[in-house]
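To start, the structure itself, in structure tokens.
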Amino acid sequence: MLTATKNILKKLAGKILNLDDTVRPQAHLKFFEDYLDRFNFDTNTRDSEKFLSVLKKKHLVDDIVVATMNGGSVVSSNGNAISESVTGAALFNYVQSEHPRSETILIKSNGWYMIFPRNQKLFIVKASSDLSNVELGALAKEIESFLSLRELQPNS
């Protein structure tokens, strides 16, 4: 009898506590739509510094570093590409060894540092607030497109 009562209460509590009362943040969405409508983000360039500068403004981030999984620098929006690449790769690899199913590392230290892998590259993003996985994915996708186009086009 006690076990049956306990199971009933557990199911009832699960239903009550598992309610999803979240709503879409309309004010935030309107702000971002307005922001994107007001500015023109021309990423049609072969210059990586110019491209990353525009991308930083578009995604409202402070720094972007792309590294290889072993710490080699690919592109960076700041002058600390090598240092941040090595540090980010070491940190990500350490966390992966301790928590193999982890996908993204968020570190709050004078802003947010987000470290995540995608297609054998490691993306290190610094911003004043954390970005969602969707936002990080969109940022990485744009950078990957830029890098693949840059590799396909011969130097002028």
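Here are the numbers:
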quantity	calculated
Candidate set: the range 12-33, residues that are surrounded by 10 or more Cβ atoms within 10 Å (Cβ to Cβ) and either at pLDDT 70 or above or of a type in the set (A, V, I, L, M) (or both); chosen: the one farthest from the chain's Cα centre (by Cα)	LEU12
Tabulated pairs, the range 29-50, first under 20 Å from ILE143 (Cα atoms), second among the hydroxyl-bearing types (Ser, Thr, Tyr) and at pLDDT 75 or above, C-beta under 8 angstrom, 6+ apart or interchain	GLU49/SER77
Qualifying residue in the range 90-106 (condition: modelled with pLDDT of 75 or more, assigned to a loop (DSSP other than H, G, I, E, B), touching a strand residue (DSSP E or B) at 6+ places or on another chain (Cβ under 7 Å) and among the charged types (D, E, K, R))	yes
Given (1) at pLDDT 90 or above; (2) in contact with a helix residue (DSSP H, G or I) (Cβ under 9 Å, 6 or more places away or on another chain), index of the condition LEU131 fails	(1)
Residues of the range 107-141 satisfying the condition of being in a helix (DSSP H, G or I) and buried (at least 19 other Cβ atoms within 10 Å of the Cβ)	LEU136, LEU139, ALA140
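The values are calculated or read from the model by the stated rules, or taken from the named source; none is laboratory data. Since we're looking at a predicted model, the values are computed, not measured. Note: ideal-geometry Cβ built from the backbone for every residue, glycine included; neighbour counts use all protein chains shown.
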